[in-house]
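Worksheet for the structure shown next.
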Amino acid sequence: MTLDHILHDPDALAALCGAGAFAVVVLIWTALVETDPLPARLKNVTERRDELRHEERQKKLTRREGLAHKDFVKNLVQKLQLEQGKQVSQIRLKLARAGYRSRDAVMLYLLLRIALPIGTGFVVFFLAFVAQAFSAQASMKILAVIGGIIAGVMLPDIFIKNQSQKRETVLRKGIPDALDLMVICAEAGLSLDSALDRVSREIGPSCPELAEEVGLTGVELGFLPDRSRALQNLADRVPLAGVVALVNTLIQTEKYGTPLAQSLRVLSAEMRDERMMAAEAKAAKLPATLTIPMILFILPPLFIVLLGPAILRVMAMMHHH
């Protein structure tokens, strides 16, 4: 059926209009319906609340195991006694700073510390001695195998450090907005627990990582007997200057009874001044930073544009003479 027949056929035209109207309704419905963008954050907060309830009531909670490989990893780590040692708490804190706070994260990390060196060493050994992928002396191949083993040892730490740096960058950008929201909540008369819960819900769509940390702190404040310990846990998980200053202010407020709104307002003003000074320092570095790009990319085209026609004219005159 051609377009002319559709335009002159009332039934076809009505069906076409109905299909267009249905498509518009579906698009509007899809745009207006909001989905929860923070399932991982809510899951972590819920898991932390369950853990604190377990510690407070001193009961053993049954837990459903996820996948079969998690059971295998857990049993293997327990058989190898990898969780015994003073560094486990440090590893757990390092993983939490990278955003991995599940119960199986430490076991997977410890297993990877053993499996990756073996795997990378075996792959390099296979390529060098079995598949003969590259021709070299035996001593160089042995050095390549040793290098593969060392790379396998370093890979987990490099990955965790990279993830921690990325997460700290995201958290650093979200701290000013979270602090301003806390000031508003405190001036509205909310308590510290209510203010943290409100800030966690409001900051969630823009910065889920910071919302997760604030939500975990609110949960710990409600369950841990020492409230200063709950606040200090936030500074341990997020080792940024702004978060450490905020935690110190909140601990001082809890200890000495300082008005929360006044303390947060002073801290907000100080952090705003620090951000302004950092921006001014960054702007002052721009001339020195732009010197090399100007020399390499801006001045040569400028010289070509300005001196190019004159040089061509001189060459043409010399050619005629």
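The values are calculated or read from the model by the stated rules, or taken from the named source; none is laboratory data. Keep in mind the model is a prediction, meaning the values are calculated, not measured. Here the Cβ positions follow ideal geometry from the backbone for every residue, glycine too, while neighbour counts run over all protein chains shown.
Just a few scattered comments:
- Here Asp157 meets each of (1) over 30 Å from Leu110 (Cα atoms); (2) of a type in the set (Asp, Glu); (3) out of contact with any Lys or Arg (no Cβ under 6 Å at 6 or more places or on another chain) with one exception, condition (1).
- Residues (farther than 30 Å from Thr169 by Cβ and assigned to a loop (DSSP other than H, G, I, E, B)) located in the stretch 98-144: Ala131, Gln132, Ala133, Phe134, Ser135, Ala136, Gln137
- From Val153, Val145, residue being farther than 30 Å from Val199 by Cα and in contact (Cβ under 8 Å) with a residue 40 or more places away in the chain: Val153
- Residue that is nearest to the chain's Cα centre (by Cα), among those in the stretch 226-255 that are β-branched (Val, Ile, Thr) and in a helix (DSSP H, G or I): Val243
- Ser194 vs. criteria in contact (Cβ under 8 Å) with a residue 60 or more places away in the chain and either exposed (fewer than 15 other Cβ atoms within 10 Å of the Cβ) or over 21 Å from Asn248 (Cβ atoms) (or both): no
- Qualifying residue in the stretch 175-190 (condition: part of a helix (DSSP H, G or I), of a type in the set (D, E, K, R) and within 24 Å of the chain's Cα centre (by Cα)): yes
- Test: residue in the stretch 129-139 that is among the polar types (S, T, N, Q) and closer than 25 Å to Gln90 by Cα: no
For (1) without any contact (Cβ under 8 Å) to a residue 60 or more places away in the chain; (2) closer than 28 Å to Gln90 by Cα; (3) not assigned by TED's automatic domain parsing to the domain that holds Tyr100, each residue gets a yes or a no:
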| residue | (1), (2), (3) |
| --- | --- |
| Pro225 | yes, yes, yes |
| Asn233 | yes, yes, yes |
| Pro239 | no, yes, yes |
| Gly242 | no, yes, yes |
| Leu250 | yes, yes, yes |
| Met271 | no, no, yes |
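- Failed item in (1) in a helix (DSSP H, G or I); (2) surrounded by 13 or more Cβ atoms within 10 Å (Cβ to Cβ); (3) without any contact (Cβ under 8 Å) to a residue 12 or more places away in the chain; (4) not basic (Lys, Arg), with Thr258 passing the rest: (1)
Each row is one residue, and each column tells you yes or no for (1) exposed (fewer than 15 other Cβ atoms within 10 Å of the Cβ); (2) among the hydroxyl-bearing types (Ser, Thr, Tyr); (3) in contact with a Gly (Cβ under 7 Å, 6 or more places away or on another chain); (4) modelled with pLDDT of 90 or more.
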position: Val123; (1), (2), (3), (4): yes, no, yes, no
position: Leu127; (1), (2), (3), (4): no, no, no, no
position: Pro176; (1), (2), (3), (4): yes, no, no, no
position: Leu179; (1), (2), (3), (4): no, no, no, no
